[in-house]
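The values are calculated or read from the model by the stated rules, or taken from the named source; none is laboratory data. Keep in mind that this is a model prediction, so the values were computed, not measured. Note that each Cβ is placed from the backbone with ideal geometry, even for glycine, and that neighbours are counted across all protein chains shown. Heads up: the accessible areas ignore ligands, DNA and RNA and are worked out on the full protein's heavy atoms, side chains in. Shrake-Rupley method; radii C 1.70, N 1.55, O 1.52, S 1.80 Å.
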Amino acid sequence: MKSFRKELWFNVPRRRGFINITSQVEEALRESGVSEGLILVNAMHITASVFINDDESGLHADYDEWLERLAPHAPTSQYRHNLTGEDNADAHMKRQVMGREVVVAVTGGKLDFGPWEQIFYGEFDGRRQKRVLVKIIGE
Amino acid sequence: MKSFRKELWFNVPRRRGFINITSQVEEALRESGVSEGLILVNAMHITASVFINDDESGLHADYDEWLERLAPHAPTSQYRHNLTGEDNADAHMKRQVMGREVVVAVTGGKLDFGPWEQIFYGEFDGRRQKRVLVKIIGE
Amino acid sequence: MKSFRKELWFNVPRRRGFINITSQVEEALRESGVSEGLILVNAMHITASVFINDDESGLHADYDEWLERLAPHAPTSQYRHNLTGEDNADAHMKRQVMGREVVVAVTGGKLDFGPWEQIFYGEFDGRRQKRVLVKIIGE
């Protein structure tokens, strides 16, 4: 069994944003030399997500509005977590809706994807360096 | 290490619906010959889910109503994604709540499940052929 | 390839609660002898979650309130599932928001975590014995 590990770094300049990281994950897969197996891609921070969906800017704007409706950022005083000096309680909730991680099949050395599947980093508390872990096992 | 791949096809006749796919996943597991490992089951489309919960029709009706409340289909004009000519922005949201994939332990050649766990395909934009991927690794 | 399986048991004395299970998962990992691979941790019950987030009590209170707002327990008559004699339909929804499972990379014999990542059992219908499955594959 082979195993491979790589960290990807991101710095989203605003509080929230979505970055298509598919090509970076594909590059890690090529580096790994794994042709059959599983690939785990997860946010290493608890106010960010990794998820699979469509690369369409209108949808991303919809996601942002929808997540704000489900877990509004303001007023920050509505959350007990923010009494610790943070203002990011909403980000911990948005991340649960969108998910921490994806697991993707590796077949024939490629991400085994449907036609529209793309991997995104979802940032809900940005403006600083944050990491995504790529772990690949197989042979 | 063994690896095995199979696609399952579904055509839900309405926009939304839930299908119990546990027996089809178990059949794939038998075909794989894997007795210890992990099984990934994921929607290959971005407006559908694979999730694990209870096979109870009342609960499925509750899920449907609840997801409509969290991310209503109409008016379709409320979503920017629908400006692309689609009317399925809500389906992209419902799928994030219910999840893209499940990973299940394989022990002794069987799905290592609690008493009520069943695997479902969740369709949020149906009336066409769509796929689920089953990938199994182990030995 | 090595594989390892362990069940963890919990009995949350109230309907809802969050338990940090990171050290128990780490102990299972040590017992497994796996140094490179993947670890799956999943609720074996369909009204409970396993998720990764922050070990901060204010955040947990925020999660509890937020999930009650997204899927209220009462009135129990609002859910068709409860016509079966259950009163836990809301728990089946809360569990979908928080997720059934996490998959964590194992690197150098340790959980390959970011600085704040901790694993939680999320109970939404407690006051009885319930199980979490830990499955580890690798070498």
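A DSSP coil position with no more than 15 other Cβ atoms inside 10 Å describes none of the chymotrypsin sites (Phe, Trp or Tyr not before Pro) in region A:18-98. Take the Cα coordinates of the protein assembly as shown, assign each an equal point scatterer, and use the Debye formula without solvent to give log10 I(q)/I(0) at q = 0.08, 0.10 Å⁻¹. Values, matching the q order: -0.38, -0.62.
Normalised by the number of residues in region A:67-135, the mean separation of alpha-carbon contacts (under 8 Å, six or more apart) gives a relative contact order of 23 percent.
Residue by residue through B:27-37, how many Cβ atoms from other chains fall within 10 Å of the Cβ on average?
Mean partner shielding for this stretch: 1.
Note down, for chain C, the three equivalent ellipsoid semi-axes (square root of 5 times each alpha carbon gyration tensor eigenvalue), biggest first, whole angstrom.
30, 16, 11
Panel note: the C-alpha atoms of region B:28-83, placed on their principal axes, show extents of 49, 30, 14 Å (largest first).
Relative to the current alpha-carbon distance between B:Ser57 and B:Glu31, full extension at 0.36 nm per residue lengthens the span by 6.4 nm. Total buried accessible area between A and C, probe 1.4 Å, nearest 100: 2600 Å². For the protein assembly as shown, the solvent-accessible area works out to 36 Å² per residue, with a probe of 1.4 Å and every protein chain left in place.
Work out the charge dipole of the protein assembly as shown with +1 on the Cβ of Lys and Arg and -1 on the Cβ of Asp and Glu about the Cα centre, then indicate which of B:Trp66, C:Leu40, A:Gln96 is farthest towards its positive end. The residue sitting most towards the positive pole is C:Leu40.
Below 8 Å between Cα atoms, with a sequence gap of 6+, how large is the relative contact order for chain B in percent?
55 percent
Computed in the context of the full set of protein chains, the accessible area of the protein assembly as shown at 1.4 Å probe radius has 48% of its extent on carbon or sulfur.
Extent along the principal axes, Cα only, for region C:74-115: 50, 19, 10 Å, with the longest axis given first. Over all other residues within a Cβ to Cβ distance under 13 Å of B:Ile21, the charged ones net out to -4, with Lys and Arg as +1 and Asp and Glu as -1.
Across peptide B:89-96, the average count of Cβ atoms from other chains found within 10 Å of a residue's Cβ is 5. Residues within the reach of a label modelled at B:Asn11 (point 7 angstrom out along Cα to beta-carbon, backbone nitrogen below 13 Å), restricted to region B:101-139, are B:127-131. Placing a label point 7 Å from Cα along the Cα-to-Cβ axis, C:Arg14 is separated from the same position in the other copies by 3.8, 3.8 nm, shortest listed first. Over the C-alpha trace of region C:67-139, radius of gyration and Dmax come out as 16.6, 51 angstrom.
List the trypsin sites (Lys or Arg not before Pro) within region A:81-137 that DSSP assigns to loop and that have no more than 15 neighbouring Cβ atoms inside 10 Å. When the trypsin sites (Lys or Arg not before Pro) of region A:81-137 are filtered for loop state and at most 15 Cβ neighbours within 10 Å, A:Arg127, A:Arg128 remain. Distances, shortest first, from the label point of A:Glu65 to those at the same position in the other copies read 2.7, 2.7 nm; the point lies 7 Å along Cα to C-beta.
Counting Cβ atoms of other protein chains within 10 Å of each residue's Cβ and taking the mean over peptide C:2-9 gives 3.
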